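Let me begin by presenting the structure, written as structure tokens, before commenting on it.
A short reminder: the numbers here are calculations on the coordinates, not readings from a lab. Remember, predicted model here, so these are calculated numbers, not experimental data. As a convention, Cβ positions derive from the backbone with ideal geometry for all residues, glycine included, and neighbour counts pool all protein chains shown.
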Amino acid sequence: MTDAIQITVNQRPLACRAGMSVAAALLAQDIYQFRTSPARRAPRGAFCLMGACQECAIMIDGHIQRACQTVVRDGMCVVLAGASAG
Ligand code: FES
């Protein structure tokens, strides 16, 4: 894998390529549920993949960020609340 880096997702290592978005890295591993909705606990994941819908907002390095608009970096820590990581 060219430019291989590693992030952690719910404390599990996940290999991905530099330059891809967090959402792309998760989807490449068949992780479709990123979180649950606050009120109904309904599953949520990437929808628009262009930064508009906010459905992919998850905890990345201690801050809530849009996974589709955040580029992975080596050592990044991703937390999927209410969702499994694979
Ligand atoms: S998938 Fe819509 S903002 Fe990220």
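Details
- If you go through the range 43-68 and pick out every residue that is touching a Cys at 6+ places or on another chain (Cβ under 8 Å) and either near the ligand (Cβ under 9 Å from one of its atoms) or part of a helix (DSSP H, G or I) (or both), you end up with 12.
- Enumeration of residues in the range 21-31 that are hydrophobic (A, V, I, L, M, F, W, C) and surrounded by fewer than 16 Cβ atoms within 10 Å (Cβ to Cβ): 28
- The listed residue being part of a strand (DSSP E or B) and loosely packed, with under 13 Cβ neighbours inside 10 Å, out of 13, 38: 13
- Residues considered: 70, 36. Of these, the only one that is under 11 Å from the mean Cα position of the chain (by Cα) and among the polar types (S, T, N, Q) is 70.
- Screening the candidates 56, 68 for the property of being surrounded by 18 or more Cβ atoms within 10 Å (Cβ to Cβ), in contact with a strand residue (DSSP E or B) (Cβ under 6 Å, 6 or more places away or on another chain) and without any contact (Cβ under 8 Å) to a residue 40 or more places away in the chain yields one hit, 56.
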